[in-house]
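Notes follow once the structure below has been shown.
The values are calculated or read from the model by the stated rules, or taken from the named source; none is laboratory data. All values reported here derive from a predicted model rather than from experimental measurement. Cβ atoms come from the backbone with ideal geometry, glycine included; neighbour counts cover every protein chain shown.
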Amino acid sequence: MNEKTVVNVVGLGYIGLPTALIMAANGVSVVGTDKNPSLVEKLQGGSVTFEEDGLEELYQKAVEGKIRFSASNIKADVYIVAVPTPYDKNSKKIDTGYVVAALKDVLNVCENGAVVVVESTVSPGTIDKFIRPVVKASGKTVSLVHAPERIIPGNMLAELVKNSRTIGADDRETGEKVKQLYSSFCKGEIVVTDIRTAEMTKVVENTYRDINIAFANELAKICRSDNMDVYEIIRIANKHPRVNILTPGPGVGGHCISVDPWFLVGDYPGLANIILAARKINDSMPEFVLERIGEIMEQNGIEDVSKVGLYGLTYKENVDDVRESPTLQLLESMRKHLATGIKVYDPYVKNDIVKCQYHDFDAFLNDVDMVVIMVGHDEIRENMDKLKGKVVFDTRNICNLDGVNKL
Ligand code: SAJ
């Protein structure tokens with residue numbers, strides 16, 4: 001890798017875009033491509049495509065540097081594939097469709113000797129099973145690398161720089177080459193290993209967090225059943241030097257933690273037991289919240305569900321990503337129970353994506369008697385006073401008003 005190295009980032013979503021921008025802002029020649037022409041046009045036209053702290057500033061730096069956006073791939077030295085890897089809802093196995101399609105597009109244009117880095121999360125063995133055969137069939141000689149991302153939405157740009165990274169490669173030389181490229185922006189330790197270890201490590205990291213959140217959620221249910229304060233119990237238990245319990249919540253959303261553990265369950269049925277139990281607990285939380293809403297409505301004499309409002313549609317605070325969000329899971333559950341009319345508001349979700357959705361906080365509050373805090377966006381944290389006089393059900397433990405109901 002040298003200053004002439006050209007990188008083509010394929011897929012400009014939540015991971016591809018920040019990666020392309022940060023490389024360009026650090027002097028690497030980057031071409032960002034995406035199959036979605038309107039997304040490419042928007043980037044060419046001067047605006048970013050999702051909200052993330054510091055992303056616009058980074059975009060400005062990148063466009064002053066060496067980046068361009070295109071709807072089709074170009075000849076490059078390194079390709080970084082960052083496209084979604086969903087899972088099949090029935091078999092729980094990974095759906096490699098997008099990665100394979102992106103790879104085929106790369107193979108159509110690349111020259112022999114190019115390096116193809118897969119950043120998308122894949123289940124252990126995917127590169128061997130699904131990616132290598134495609135490369136072989138193309139007749140091209142490329143070096144495959146797996147460099148799974150680790151950045152957390154909400155703090156992506158800081159984490160791109162400071163987090164440690166894993167580079168899985170078939171040989172040391174390729175691994176070191178890619179390490180050098182990533183060290184243009186990454187100041188954390190960059191560990192070079194083999195591809196299978198890199199694949200497994202990524203999935204294990206997200207599974208670890210899923211299991212730990214499930215433990216907190218299970219405690220919330222146990223404490224609710226026997227009238228104990230789960231937050232106080234966790235606060236005290238966490239004073240033990242080797243205990244660090246996470247925070248219970250309305251469920252686990254996002255495209256990572258709620259998805260990756262299923263890869264292990266799908267590939268190792270019978271072996272992945274704690275992992276499966278954790279998934280089930282976290283997936284049960286929206287339904288648990290729904291039951292609590294029913295109880296709290298009854299206790300407060302609220303009979304009409306249209307007098308209840310859900311605050312927050314995204315999967316967590318201060319992001320605009322709604323994928324697998326607990327609120328959407330809850331609404332789906334209500335739909336199955338033929339219950340409709342609950343009101344919804346989220347300052348980050350500008351389009352109408354659900355029924356009875358509001359786009360103004362005050363108008364939303366005016367129309368409801370009970371507010372369910374599903375997401376702890378800064379907006380509500382800074383405006384708690386506005387909830388005075390309402391029945392409040394706080395699933396995130398961020399509200400200290402008198403009489404607030406908790407999980
Ligand atoms: N949540 C809780 N309680 C907690 C922590 C989180 O209920 O104590 C919920 C959140 O509200 C959210 C979900 O879990 O719905 C996941 O949020 P998160 O902030 O834990 O993680 P993600 O999904 O935004 O990002 C994760 C990160 N992985 C780990 O922390 C191991 C990130 O580093 C990965 O890069 C990302 O997945 C990914 O793309 O794989």
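Which condition number in (1) within 14 Å of the ligand (Cβ to nearest atom); (2) farther than 17 Å from Arg396 by Cβ is the one that Lys239 fails? Unmet for Lys239, out of (1) within 14 Å of the ligand (Cβ to nearest atom); (2) farther than 17 Å from Arg396 by Cβ: (1). Considering only segment 243-272, how many residues are more than 10 Å from the ligand (Cβ to nearest atom) and farther than 14 Å from Asn212 by Cα? Number satisfying all stated conditions: 11.
Filtered by the rule that a residue be modelled with pLDDT under 95 and aromatic (Phe, Trp, Tyr), segment 43-77 gives a lone residue, Phe50. Of Thr193, Thr197, Thr166, all but one fail to be touching a strand residue (DSSP E or B) at 6+ places or on another chain (Cβ under 8 Å), of a type in the set (S, T, N, Q) and within 16 Å of the ligand (Cβ to nearest atom); the exception is Thr166. Within segment 236-251, none of the residues are crowded, with 21+ Cβ neighbours inside 10 Å and among the β-branched types (Val, Ile, Thr).
Would you tally the residues in segment 181-214 being in contact with a helix residue (DSSP H, G or I) (Cβ under 6 Å, 6 or more places away or on another chain) and free of Cβ contacts under 8 Å to residues at least 60 places away in the same chain? So the count comes out to 4.
Residues that are under 20 Å from Tyr87 (Cβ atoms), surrounded by 15 or more Cβ atoms within 10 Å (Cβ to Cβ) and of a type in the set (D, E, K, R) are absent from segment 125-147. Taking the criterion of being farther than 19 Å from Val319 by Cβ and in contact with a Leu (Cβ under 9 Å, 6 or more places away or on another chain), the residues of segment 341-357 that qualify are Ile342, Lys343, Lys355. Does Ala220 satisfy the condition of being free of Cβ contacts under 8 Å to residues at least 40 places away in the same chain and either within 14 Å of the ligand (Cβ to nearest atom) or among the aromatic types (Phe, Trp, Tyr) (or both)? No; evaluated as a whole, the condition is false for this residue. The single condition among (1) part of a loop (DSSP other than H, G, I, E, B); (2) within 22 Å of Asn206 (Cβ to Cβ); (3) basic (Lys, Arg) that Lys280 does not meet is (1).
From the list Lys336, Lys388, Lys316, pick out the single residue that is basic (Lys, Arg) and touching a residue at least 24 places away in the same chain (Cβ under 8 Å).
Lys316
Among all positions in segment 227-238, there is no residue which is modelled with pLDDT of 95 or more, within 19 Å of Thr314 (Cβ to Cβ) and in contact with a helix residue (DSSP H, G or I) (Cβ under 7 Å, 6 or more places away or on another chain).
For Lys140, the criteria (1) touching a Leu at 6+ places or on another chain (Cβ under 6 Å); (2) of a type in the set (D, E, K, R); (3) within 16 Å of the ligand (Cβ to nearest atom) hold in every case but one, which is (3).
Between a first residue in segment 147-164 that is closer than 15 Å to Arg323 by Cβ and a second residue that is aliphatic (A, V, I, L, M) and in a loop (DSSP other than H, G, I, E, B), which pairs have beta carbons less than 8 Å apart while being 6 or more apart in sequence or on different chains? Between residues of segment 147-164 that are closer than 15 Å to Arg323 by Cβ and residues that are aliphatic (A, V, I, L, M) and in a loop (DSSP other than H, G, I, E, B), the close pairs are Pro153/Val319; Gly154/Val319. Using the structure shown, decide if Tyr348 is under 23 Å from Glu52 (Cβ atoms) and buried (at least 19 other Cβ atoms within 10 Å of the Cβ). So Tyr348 does not fit the description; no. Being out of contact with any His (no Cβ under 8 Å at 6 or more places or on another chain) and within 16 Å of the ligand (Cβ to nearest atom) holds for only one residue in Lys343, Lys336, Lys280, and it is Lys280. Of the helices (runs of 4 or more DSSP H) lying entirely inside segment 314-407, those containing at least 2 residues that are within 28 Å of Ile234 (Cβ to Cβ) span 326-336, 378-381.
Yes/no per residue for (1) among the hydrophobic types (A, V, I, L, M, F, W, C); (2) surrounded by 20 or more Cβ atoms within 10 Å (Cβ to Cβ); (3) under 27 Å from Asn318 (Cα atoms):
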residue	(1), (2), (3)
Met156	yes, yes, yes
Leu160	yes, yes, yes
Ala169	yes, yes, no
Glu173	no, no, no
Gln180	no, no, no
Ser183	no, no, no
Val191	yes, no, no
Asp194	no, no, no
Thr197	no, no, no
